[in-house]
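Shown next, in structure tokens, is the structure this report addresses.
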Amino acid sequence: MSRVLPQVGAWFKNVVEDQTFEVVAFDEDEEQIGIQFETGEIEELDLDTWHEMAITEIAAPEDWDGAFEDTEMDDKERRSAKRFAMEEEEGWEGETVDELGLGDEDEF
């Protein structure tokens, strides 16, 4: 059983499954944890499952650069993703920036 709390960016090893992974997301309110294995596979688990795992924190693998070569988002991509997330929120009834006709998003 794990007493270690998930921390985004931290690496862990499941000693029972002999799997190494990085915590890529942690939503404390929803008690959901996103992890990415060295193979690039992503999995989501709840906090109860996390605490049942036999894990230990480890250093990031030396040759790790992510499963995908370029996962960095530039500012425009980040703004677009943020806007999309806002539009998809439950209860969103406003207009999008595009619908308002406010011009190019780079002007903000």
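Since every read-out is calculated from the coordinates, none of them should be taken as a lab result. What you see is a predicted model; the values in this text were computed from it and never measured. Virtual Cβ from ideal backbone geometry, glycine too; neighbours counted across all protein chains shown.
So here's what we get for this one:
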{"quantity": "Complete set of residues in region 30-56 that are of a type in the set (Val, Ile, Thr) and in a strand (DSSP E or B)", "calculated": "33, 35, 42, 55, 56"}
{"quantity": "In region 48-60, the residues that are in contact with a strand residue (DSSP E or B) (Cβ under 9 Å, 6 or more places away or on another chain) and in contact (Cβ under 8 Å) with a residue 24 or more places away in the chain", "calculated": "50, 53, 54, 55, 56, 57, 58, 59, 60"}
{"quantity": "Output for region 1-29, where each listed residue is of a type in the set (S, T, N, Q) and not in a strand (DSSP E or B)", "calculated": "2, 7"}
{"quantity": "Hits in region 30-55 (condition: surrounded by 15 or more Cβ atoms within 10 Å (Cβ to Cβ) and of a type in the set (A, V, I, L, M))", "calculated": "33, 35, 45, 47, 53, 55"}
{"quantity": "Residue that is farthest from residue 50 (Cα to Cα), among those in region 1-26 that are surrounded by fewer than 12 Cβ atoms within 10 Å (Cβ to Cβ) and under 10 Å from the mean Cα position of the chain (by Cα)", "calculated": "9"}
